[in-house]
1. Determine the order of 235, 432, 100, 214 by accessible area, beginning with the largest, at a probe radius of 1.4 Å.
2. Between residue 164 and residues 5 or more places away or on another chain, which pairs have amide H atoms under 5 Å apart, with H built 1.01 Å from N, and which residues are they?
3. Rounded, prolate or oblate: which one fits region 243-398, using the alpha carbon gyration tensor with axes a ≥ b ≥ c (rounded when a/c is under 1.5, else prolate when a/b beats b/c, else oblate)?
4. How big is region 302-373 by the Kirkwood estimate over distinct Cα pairs, in Å?
5. Regarding region 97-149, what whole-number volume in Å³ per residue does the convex hull of its Cα atoms give?
6. Please report the accessible area of residue 1 (heavy atoms, 1.4 Å probe, ligands and nucleic acids excluded) in Å², nearest 10.
7. Give the Kirkwood hydrodynamic radius (Å, one decimal) of region 216-285, defined as one over the mean of 1/r across all pairs of different Cα atoms.
8. Please report the orientation-averaged projected area of the chain, defined via the convex hull of its C-alpha atoms, in nm².
Amino acid sequence: MSKIETDVVVIATGPAGLAAAISAAQSGARVLAFEKGSTTGGTANMGMGLFGVESRLQKLKQMGPSRDEAFKIFMDYTHWRVDAQLVRAYIDKAATTIDWLEDLGVEFLEPAAYFPGGAFTWHIVKPVYEGPPGPMAATAMMKVLTEKAKELDVKIFLQTPVVKILKEGNKITGIVAEDKGGEPIQADAKAVVIATGGFGDDPKMIKKYTGYEWGKDIASMRIPGLTGDGIKMAWGVGAAPSEMNMELTYGMPGESEPALNRSFRQPHLMVNLLGERFMDEGIMHNTTFTGNAIGVQKEKTAFLIFDETIKKMMETKGFDSVSVVFPLMKPDDIEGSVKNAIEAGNKNLFMADSLDELASQAGIDPEGLKKTVDEYNGFCAKGHDDKFNKNHTLLRPIREPKYYGARLLPSGYGSLGGIKINYRTEVLDKKWNKILGLYAAGTDACSIYGDSYVFVLPGNTMGFAMNTGRIAGERAASYVKSFD
Ligand SMILES: Cc1cc2nc3c(=O)[nH]c(=O)nc-3n(C[C@H](O)[C@H](O)[C@H](O)COP(=O)(O)OP(=O)(O)OC[C@H]3O[C@@H](n4cnc5c(N)ncnc54)[C@H](O)[C@@H]3O)c2cc1C
């Protein structure tokens, strides 16, 4: 086995890992980073931007929230059932991180909210491509961070997964990784930062720790390689588990074409398998709340339904709910898109000349659906939703064939949590003692949302990754100095 020696080992190079590596190096530590994948950047390569407060950009636009306001929103939202010290440390760090990233050379567009009523905390990265920002805009940031890490002499080993963390007594002493040829490399180090992005690509862990059965009642994104490695290695050296969850949203399984996707995320009629309404569709822009609401229905399944009149309205006037990620204002030809998708084998889209036929295609109880549509059309006629008080401007009857429907399931960006840390990102054992020299950051340690992702403060998971990464890097470097 080949052996190397350093001060700090960082496991993985997503936003948490790269931020940790850069911060540790900026604090004077020698750093090695080991990455399982063939590129740096992790899941952030697919994202758009991160949470920030009190940034230069927000100040220029007179935008809140301040760190105090964000902390209050966060703790009210989570009912204080999360580690308030960790939340505070993260939000306080976030008050400098966007400026820190700008100093490193990252360029941002304006801060954005994710949906109406949300806070303008989402600092969307200026993409390298022309046109409006979309998924993968944040790749530009991850490139800048990678270059900066290299400039600071951080050695990055790609396609070299860490397979074991080494500990003697209560002190971390390094790691073992496997190179491209499967040969082990031992890296001796005084501190190790774990940042392997969670278990979103491991259906068995998802089932065991969150209860969701992937492919059946959740269709979350599976980013290759996120198989809980860091969590399992941390548990292996005595780390306590933290609350584990999915970063829940909702969606139509297997359909990513923006026109279709957006058309079936509009606040029209939503029913469950019984044909019954179960939520105020007017809040569907909050994808976490919608995922939650769908998740407590029979077979965790819902259907979004509209008729020909509503379809034409969307094609002429445009969408009620416009997405920052897919900024499409109106679809061209919904019927054509649905037809093509069905012909291509999509089993989650339905089109029929009667509600009975639509119910039969989708497996919805036809009597239940008929009753619901009658009741809903009554609410539309009188301009008040007696059941869920949906905004009256969104009440549109379902009565003109054709009828269109889509099956929606809970979805998600990935997993949350696994390793118990304190507000200094130090990993704790089951007795809440520190495992000396062990730090965790990002998704592996992100258990600060309680039962629901805090989408009201958007950019939150990437923000948590970047900020806990910075904290972990600084703390690890300072711990290493204590040996001098
Ligand atoms: C499509 C999509 C869009 C998103 N958009 C946003 C957004 O706009 N804003 C936001 O806040 N969040 C967004 N997220 C979530 C965000 O990207 C993640 O929260 C964030 O990237 C987590 O950072 P991380 O460093 O903890 O882990 P990751 O970015 O997931 O990185 C983990 C890294 O660990 C590596 N790894 C795994 N095992 C090992 C091992 N054994 N040894 C070495 N390396 C290993 C992986 O290869 C990977 O590179 C999005 C997620 C998705 C899927």
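The values are calculated or read from the model by the stated rules, or taken from the named source; none is laboratory data. All figures in this text were calculated on a predicted structure; none of them were measured in a lab. Cβ placement follows ideal geometry from the backbone for every residue including glycine, while neighbour counts extend to all protein chains displayed. With ligands, DNA and RNA removed, areas are computed over all heavy atoms of the protein, side chains included. Shrake-Rupley method; radii C 1.70, N 1.55, O 1.52, S 1.80 Å.
1. Values: 235 65, 432 170, 100 30, 214 95 Å².
Result, largest first: 432, 214, 235, 100.
2. 176
3. Details: a/c = 1.15, a/b = 1.06, b/c = 1.09.
Since a/c stays below 1.5, the shape of region 243-398 is classed as rounded.
4. Values: mean 1/r = 0.0731 Å⁻¹.
That comes to 13.7 Å for region 302-373.
5. Working: hull volume 4.2 nm³, N = 53.
Hull volume normalised by residue count: 80 Å³.
6. Using a 1.4 Å probe on the heavy atoms, I get roughly 130 Å².
7. 15.7 Å
8. Details: hull surface 93.2 nm².
Result: 23.3 nm².
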